[in-house]
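Chemist: The structure follows.
The values are calculated or read from the model by the stated rules, or taken from the named source; none is laboratory data. Because the structure is a prediction, the values reported are computed rather than measured. Every residue, glycine as well, gets a Cβ built from its backbone with ideal geometry; the counts of neighbours run over all protein chains shown. These area figures cover heavy atoms from the full protein model, side chains too; ligands, DNA and RNA do not enter into them. Shrake-Rupley method; radii C 1.70, N 1.55, O 1.52, S 1.80 Å.
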Amino acid sequence: MPTLSRIPYQGQLPDSFWTITERVYADQPLRPQESRRLTEQLFAQEASRNDIVVYTDHATLRLVGIFPHDSEEAFFGFWEALDDAALLEQAFDALAEDARQRGRRRLVGPLNFSTFHSYRLRLPPAPGWGQFDREPVNPDYYPARLAALGLAPVSTFESRRIQPQDVPAVFTEKDMLLRELAQIPFDFIPLNEQTWAAHETQIFELVHAIFGANPGYRPVPPEQFSLLYNQQYAARLCPHTSVLFRDQASGALAALSFCHPNYSELQLPADRPPVFERDFPQLQRKQLLAKTVGVHPDYRQRGLMSYLGAYGMVHFRERYEDVIFCLMRTGNLSLHFTDGLPAETAHYALFGREL
């Protein structure tokens, strides 16, 4: 059996951390998106509030144990491995033992420090769309291997694609919402680089307020939020369907919707992030991704989730062929907007076990 190394993180990841992913996905049709620069920055930022341990044989497996200083849970993340049951068992046993020694009661993952970053596995069968931006993809054996190690889904998620032939049904179903949209007491702020810059602090606060109660959520400081969500991110958003709702009475931001086209067919290099104005006209298939949608707790029970969907549909018809509602947690209100509509669905899960 290969030798398993246990490496406490002390400011640097082993070189093998990056080569293992190449080997695991050499024969896979899809692969996760990973930036070495952003990952190294993330580890450096998180080292002050977590114990971090890397388990690896430097050839076929990497696994990171994340032990937050303020939680009774332990997390595993950045997991990639060839299908070697014995080595996987050895690695997860070592992680579980480290967790027990720290008094942790539960192990959850895959979760790369927080839900702001990559987490969840995609469950087979794979959907017909391939992979959208930041969608979890992994070898099909991953969920089965976790099950064999005693881990079971603790949270589940769905992505739903509304097919082109079913798009007219969406408008028929939601026609009343479209008529009411102009009458609700909220201003609509279309999102682009300029409006993002003008509301960046409020967006950061709104995201925390909306998603703070979600399972696995851990707040992050502004500098970590801005690693992924910044003006460069705003440049990829569709300014016609992405929006902030602002309460006309108080001036407070009440809801958000981040949507952008599926740029995957362009195969843009990592150093050329998508820009809507430049890249949208180049797309042969105009597919909208409804990525992040939510309502501030103070404004819930007022139908705003449905109005966010209706706002997107006003401009959807003239610009897009179909839409994927991405990575919605089972039981979340965001799922209800597409309930009853014909859809192709992909499933995902976050796994856990008691220790």
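Chemist: Could you go through region 80-93 and let me know if any residue there is in contact with a Gly (Cβ under 9 Å, 6 or more places away or on another chain), among the hydrophobic types (A, V, I, L, M, F, W, C) and touching a residue at least 60 places away in the same chain (Cβ under 8 Å).
Modeler: no
Chemist: Tally the residues that are farther than 12 Å from residue 289 by Cα and surrounded by fewer than 18 Cβ atoms within 10 Å (Cβ to Cβ), restricting the search to region 316-333.
Modeler: Qualifying residue count, region 316-333: 7.
Chemist: Next question. Pull up region 146-165, narrow it to residues that are more than 19 Å from the chain's Cα centre (by Cα) and closer than 29 Å to residue 213 by Cα, then point me to the one that is surrounded by the most Cβ atoms within 10 Å (Cβ to Cβ). Write out each step before concluding.
Modeler: Let us first name the residues in region 146-165 that are more than 19 Å from the chain's Cα centre (by Cα), namely 146-152, 162-165.
With the extra rule that they be closer than 29 Å to residue 213 by Cα, the set shrinks to 146-147, 149-152, 162.
Values: 146: 23, 147: 12, 149: 17, 150: 14, 151: 21, 152: 11, 162: 21.
The extreme case among them is 146.
Chemist: Could I ask something else about it? Within region 103-112, can you find the residues that are under 26 Å from the mean Cα position of the chain (by Cα) and in a loop (DSSP other than H, G, I, E, B)? Break it down into steps so the answer makes sense when it comes.
Modeler: Taking region 103-112 as the starting set, the residues that turn out to be under 26 Å from the mean Cα position of the chain (by Cα) are 104-112.
Residues satisfying the conditions are 104, 105, 110, 112.
Chemist: Further question: Tell me which of these residue 115 doesn't satisfy, since it passes every other one: (1) within 28 Å of residue 44 (Cβ to Cβ); (2) at pLDDT 95 or above; (3) open to solvent by 20 Å² or more (accessible area, probe 1.4 Å).
Modeler: All conditions pass for residue 115, except number (2).
Chemist: Oh, and also: State whether one or more residues within region 229-250 are part of a helix (DSSP H, G or I), out of contact with any strand residue (DSSP E or B) (no Cβ under 8 Å at 6 or more places or on another chain), on the phi < 0 side of the Ramachandran plot and in contact (Cβ under 8 Å) with a residue 60 or more places away in the chain. Before the answer, list the steps.
Modeler: Of region 229-250, the ones part of a helix (DSSP H, G or I) are 231-236.
With out of contact with any strand residue (DSSP E or B) (no Cβ under 8 Å at 6 or more places or on another chain) added as a condition, the list becomes 231-235.
Going one step further and asking which of them are on the phi < 0 side of the Ramachandran plot, we end up with 231-235.
With in contact (Cβ under 8 Å) with a residue 60 or more places away in the chain added as a condition, the list becomes none.
So far as region 229-250 goes, no, none of its residues is part of a helix (DSSP H, G or I), out of contact with any strand residue (DSSP E or B) (no Cβ under 8 Å at 6 or more places or on another chain), on the phi < 0 side of the Ramachandran plot and in contact (Cβ under 8 Å) with a residue 60 or more places away in the chain.
Chemist: Still on this structure: Looking at this structure, is residue 215 assigned to a loop (DSSP other than H, G, I, E, B) and not acidic (Asp, Glu)? Even if it seems obvious, please write down each step before you answer.
Modeler: Details: assigned to a loop (DSSP other than H, G, I, E, B): yes; not acidic (Asp, Glu): yes.
It is true that residue 215 is assigned to a loop (DSSP other than H, G, I, E, B) and not acidic (Asp, Glu).
Chemist: Would you confirm whether any residue within region 166-189 is closer than 30 Å to residue 72 by Cα, open to solvent by less than 60 Å² (accessible area, probe 1.4 Å) and modelled with pLDDT of 95 or more? Give the steps one after another, and end with the answer.
Modeler: Residues of region 166-189 that are closer than 30 Å to residue 72 by Cα, as a first pass: none.
Within region 166-189, not a single residue is closer than 30 Å to residue 72 by Cα, open to solvent by less than 60 Å² (accessible area, probe 1.4 Å) and modelled with pLDDT of 95 or more.
Chemist: Moving on. Applying the selection to region 246-265, what residues are surrounded by 14 or more Cβ atoms within 10 Å (Cβ to Cβ) and modelled with pLDDT under 95?
Modeler: Of everything in region 246-265, just one residue is surrounded by 14 or more Cβ atoms within 10 Å (Cβ to Cβ) and modelled with pLDDT under 95, namely 264.
Chemist: Another question, then. Find the residue count for region 8-60, including only residues that are surrounded by fewer than 17 Cβ atoms within 10 Å (Cβ to Cβ) and in contact with a Phe, Trp or Tyr (Cβ under 8 Å, 6 or more places away or on another chain).
Modeler: Result for region 8-60: 4.
Chemist: Output the number of residues of region 53-101 satisfying the condition of being charged (D, E, K, R) and more than 21 Å from residue 26 (Cβ to Cβ). Steps first, answer last, please.
Modeler: Keep residues of region 53-101 that are charged (D, E, K, R), which gives 57, 62, 70, 72-73, 80, 83-84, 89, 93, 97-98, 100.
Among the residues that remain, those that are also more than 21 Å from residue 26 (Cβ to Cβ) are: 70, 72-73, 89, 93, 97-98, 100.
Qualifying residue count, region 53-101: 8.
Chemist: Would you check if there is a residue in region 130-141 being open to solvent by 40 Å² or more (accessible area, probe 1.4 Å) and either small (Gly, Ala, Ser) or in the same structural domain as residue 290 (by the TED database) (or both)? Steps first, please.
Modeler: Residues of region 130-141 that are open to solvent by 40 Å² or more (accessible area, probe 1.4 Å), as a first pass: 134, 140-141.
Next cut, either small (Gly, Ala, Ser) or in the same structural domain as residue 290 (by the TED database) (or both) only: none.
For region 130-141, residues open to solvent by 40 Å² or more (accessible area, probe 1.4 Å) and either small (Gly, Ala, Ser) or in the same structural domain as residue 290 (by the TED database) (or both): absent.
Chemist: Does residue 289 satisfy the condition of being open to solvent by less than 40 Å² (accessible area, probe 1.4 Å), of a type outside the set (Lys, Arg) and in contact with a Ser or Thr (Cβ under 7 Å, 6 or more places away or on another chain)?
Modeler: no
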